[in-house]
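Novice: Before we start, here is the structure in question, set down as structure tokens.
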Amino acid sequence: MAFGSDRGRFTEMKRSVVDKNLGPLVKTVMTRCIQCTRCVRFATEVAGVQDLGMLGRGSGEEVGTYVEKLMTSELSGNVIDICPVGALTSKPFAFKARNWELKGTETIDVTDAVGSNIRIDSRGPEVMRILPRLNEDINEEWISDKTRFCYDGLKRQRLNDPMIRGADGRFKAVSWHDALAVVAEVALHVKPEEIVGIAGQLSDAESMMALKDLLNRMGSNNVWCEGTGTNPSADLRYRYLMNSSIAGLEKADVFLLVGTQPRYEAAMINARIRKTVRASNAKVGYIGPPADFNYDYQHLGVGPKTLLEIAEGRHSFCSAIFNAKNPAIIVGSGLFEREDKEAIFYAAETIAKNGNVIRPDWNGFNVLLLSGAQAAALDLGLVPESSNSIESAKFLYLMGADDVNLDKVPADAFVVYQGHHGDRSVYRANVILPSAAYSEKEGTYENTEGCTQQTLPAVPTVGDARDDWKIIRALSEVSRICLPYDTLGSLRSRMRTVAPNLLHVDEIEPATFGPSLSIDCTQEMNLTPFKAAIENFYMTNSVTRASKIMAQCSAMLLKE
């Protein structure tokens, strides 16, 4: 009886590969790599960066960066999903949990206006990772790095308890009853026109409806959502929606980008534009500050002067628009903050009329929003009565609004901050009311194309935090102006009377009217060049600013 040799017959050298440093997001174990080149194809074809490639020959062949550099794409995390062997894995998630310990919750992302479909994997009270879900109409099977890796911000800098600022300037934790009583007492002693409410860029439609109802019952109509400007036009929906739809962009053969940088404002929409440019050689014209897009484009100019030339038919790019079968104009919502936005929109609409951009079978006039709350806010009519109401405010209610400029707020104004993170606005607040983040509540959001989607709670709320709409409902009762809804269902019934489209989940409600209803604009156009709407792709809201991973990305990748 023989069992064979006790030595192996493998005589060649074992092959091992040095691990590459691709940055703070992607961990590499390159000995596992089978050279399928999926990651190389993804980086080249979808992400549009020449960062990865095959090096060497024969048994020395390996995947790597050509020179020692980081992977700089805003979609780099997707190579984790497409690697079949685990040579590329998530660096923040490495060794943190096992798959079978995690509970998956299918929800949506609200860090930008795309509304990417995601799955939040959690263990107990903690979000462990975020993965994409397939939705061909919105994000296909990809998500941006900000969506995928901002989750550690959900457990840092959180507000746990209601707090009141004492006479010494320090915050003191109190009960909900005491905090709401203080807010109600101040609100009832202020003139209605001095009450102002601002919704933040992560607010859901239900809480914005409740905030508007509360302030209206107090006699104030000064309520708006940050990012929509001081005098937004909410009457015609086509002026703030992506009318061609996200998937519809693939039919376009000419793009005119006006004051928008989709690569940083909405990475998934930029991936669609790149896909279209690659598939059909679509032309892209861009008006705005110098930018680095990952496809070929013509930089036509930096400001409204170029837009005016195209509107008057004096620019060389006009022939491309007029000869196109399906031309698309994409206007950036960063222009909402400009004083001359009416004149800019009128010029863009003039180009749309002259270039046959809006027809019964094609609507190529698009506005690219910046945040998940803007479309729902404008649908619900969150439009301030006066454009300078914040300067005369005596009672300011900030519902997660951290990017609003508080320098003009009077020194004696009483500021209430209702939110989930101790971010910028907390420093000016007199009372803090802790609320639930998007991963902890059920809420309705509308994305930039007008598609209504809902988040589902993946983890429990932190500390003594409550849902936004419940806080406002409780405050209304303490203020003795009780709002007529107690449940999410009855609040949504109230929303149906204002914006019925917000109850048609996963459906796009197209804008009924086009520029034919808009009146001629007499406003003078300011020739100041357009500015970039987003300075830092990785830090755009309170969750991403609290994230350690996003801070590492900012420090390492923005140096590249």
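The values are calculated or read from the model by the stated rules, or taken from the named source; none is laboratory data. In this text the structure is predicted, and so the values were computed from the model without any measurement. Note that each Cβ is placed from the backbone with ideal geometry, even for glycine, and that neighbours are counted across all protein chains shown. Each accessible area value is taken on the protein alone, full model and side chains, heavy atoms only, with ligands, DNA and RNA left out. Shrake-Rupley method; radii C 1.70, N 1.55, O 1.52, S 1.80 Å.
Novice: Mind checking which aspartates and glutamates have their Cα closer than 13 Å to the Cα of Lys212? Skip sequence neighbours fewer than 8 apart in that chain.
Specialist: Result set, ordered by chain and number: Asp204, Asp379, Glu385, Asp468.
Novice: Mind checking the stretch 342-413 for trypsin sites (Lys or Arg not before Pro) that DSSP puts in a loop (not H, G, I, E or B) and that have at most 14 other Cβ atoms within 10 Å? Could the numbers behind the result be given before it?
Specialist: Values: sites: Lys353, Lys394, Lys408; in loops: Lys394, Lys408.
Qualifying residues, ordered by number: Lys408.
Novice: Just to check I understand the Karplus step: with θ = phi - 60° and J = 6.51 cos²θ - 1.76 cosθ + 1.60, what whole-Hz values come out for the stretch 93-99, glycine and proline as x?
Specialist: 8, 4, 6, 8, 7, 9, 4
Novice: Here is a follow-up. Out of residues 5 or more away from Phe414 or on other chains, whose amide H comes under 5 Å of its own, with H placed 1.01 Å from N in the peptide plane?
Specialist: Phe395, Leu396
Novice: Now for a separate question. Nearest 10 degrees, 0 to 90: what angle lies between the long axis of helix 341-354 and the longest principal axis of the chain (Cα atoms)?
Specialist: Roughly 60 degrees, rounded to the nearest 10.
Novice: Over the stretch 164-301, with every protein chain in place, what whole percent of the accessible area is carbon and sulfur at 1.4 Å, could you tell me?
Specialist: On the way: 2330 of 4950 Å².
After summing per-atom areas, the C and S share lands at 47 percent.
Novice: Work out the length of the dipole vector of the stretch 299-350 about its Cα centre, built from +1 on the beta-carbon of each Lys and Arg and -1 on the beta-carbon of each Asp and Glu, and round it to the nearest 20 debye.
Specialist: Numbers: 5 positive and 7 negative charges, 51 e Å.
The calculation lands at about 240 debye.
Novice: For the stretch 440-455, just list the computed ³J(HN,Hα) in residue order, Karplus coefficients 6.51, -1.76 and 1.60, θ = phi - 60°, integers in Hz, with x standing in for Gly and Pro.
Specialist: Working through the residues one at a time gives 10, 9, 9, x, 9, 10, 10, 8, 5, 8, x, 8, 8, 9, 10, 8 Hz.
Novice: Return one number: the angle in degrees, 0 to 90 and rounded to the nearest 10, between the long axis of the Cα atoms of helix 488-498 and the longest principal axis of the Cα atoms of the chain.
Specialist: Value to nearest ten degrees: 70.
Novice: OK, next. Which residues' amide hydrogens lie under 5 Å from the amide hydrogen of Arg466, considering only partners 5 or more residues apart or on another chain, with H built in the peptide plane?
Specialist: Distant-sequence amide H within range of Arg466: Ser435, Ala436.
Novice: What net charge do the residues around Pro434 carry, taking every other residue with its C-beta under 13 Å from that of Pro434, with Lys and Arg at +1 and Asp and Glu at -1?
Specialist: Values: positive: Arg158, Lys441, Arg466, Lys470; negative: Asp161, Asp423, Glu440, Asp464, Asp467, Asp468.
Local net charge: -2.
Novice: Something else about it: Give the angle, between 0 and 90 degrees and rounded to the nearest 10, that separates the Cα long axis of helix 267-280 from the longest principal axis of the Cα atoms of the chain.
Specialist: Value to nearest ten degrees: 60.
Novice: Please report the relative contact order for the stretch 414-560, taking Cα pairs under 8 Å with a sequence separation of at least 6, and give it as a percent rounded to a whole number. Each step should come with its number before you reach the end.
Specialist: Details: 145 pairs, mean separation 26.8, N = 147.
In percent, rounded to a whole number, it is 18.
Novice: Measuring with a 1.4 Å probe in the full set of protein chains, what accessible area per residue, in whole Å², belongs to the stretch 14-95? Please report the intermediate quantities before stating the final value.
Specialist: Details: 3890 Å² over 82 residues.
Dividing the accessible area of the stretch 14-95 by its residue count gives 47 Å².
Novice: Calculate for the chain the 222 nm mean residue ellipticity that helices alone would give, adding -39,500 (n - 2.57) per DSSP H run of length 4 or more and normalising by residue count, nearest 500 deg cm²/dmol.
Specialist: Values: 15 runs with 129 residues, N = 560.
-6500 deg cm²/dmol, from helical runs alone.
Novice: Can you run phi through the Karplus equation (6.51, -1.76, 1.60; θ = phi - 60°) for the stretch 13-23 and list ³J(HN,Hα) in whole Hz, with x for Gly and Pro?
Specialist: Going residue by residue, I get 6, 5, 9, 10, 10, 5, 5, 9, 9, 9, x Hz, with x marking Gly and Pro.
Novice: How big is the antiparallel share of DSSP beta bridges in the chain, given as a percent to the nearest 5?
Specialist: Values: 34 of 69 bridges.
Roughly 50 percent of the beta bridges in the chain run antiparallel, per DSSP.
Novice: Is there a pair in Lys305/Lys353; Lys251/Lys531; Lys146/Lys408; Lys69/Lys251; Lys155/Lys408; Lys146/Lys341 whose C-alpha atoms are over 25 Å apart, and which pairs would that be? Show your work: numbers first, answer last.
Specialist: Numbers: Lys305/Lys353 19 Å; Lys251/Lys531 29 Å; Lys146/Lys408 31 Å; Lys69/Lys251 36 Å; Lys155/Lys408 32 Å; Lys146/Lys341 29 Å.
In this structure, Lys251/Lys531; Lys146/Lys408; Lys69/Lys251; Lys155/Lys408; Lys146/Lys341 lie more than 25 Å apart at Cα.
Novice: If contacts are Cα pairs under 8 angstrom and at least 6 residues apart, what is the relative contact order of the stretch 14-95 in percent?
Specialist: Details: 129 pairs, mean separation 31.3, N = 82.
Here the relative contact order equals 38 percent.
Novice: Measuring from centroid to centroid over Cα atoms, what is the spacing of the stretch 253-275 and the stretch 465-512 in Å?
Specialist: Value for the Cα centre distance between the two parts: 33 Å.
Novice: Charges only on Cβ, +1 for Lys and Arg, -1 for Asp and Glu: so what's the dipole of the stretch 14-95 about the Cα centre, in debye to the nearest 20? Don't skip to the end; give the middle numbers.
Specialist: Numbers: 10 positive and 8 negative charges, 64 e Å.
In total the dipole reaches around 300 debye.
Novice: Sticking with this structure for a sec: Would you grab the residues whose amide H sits under 5 Å from the one on Val331? Only those 5+ places off in sequence or on another chain, please, with H modelled 1.01 Å from N.
Specialist: Val258, Asn366, Val367, Leu368
Novice: Where in the stretch 161-263 are there trypsin sites (Lys or Arg not before Pro) that are in a DSSP coil and have at most 12 other Cβ atoms within 10 angstrom of their Cβ? Walk me through the numbers on the way to the answer.
Specialist: Numbers: sites: Arg165, Arg170, Lys172, Lys212, Arg217, Arg237, Arg239, Lys251, Arg263; in loops: Arg170.
When the trypsin sites (Lys or Arg not before Pro) of the stretch 161-263 are filtered for loop state and at most 12 Cβ neighbours within 10 Å, Arg170 remain.
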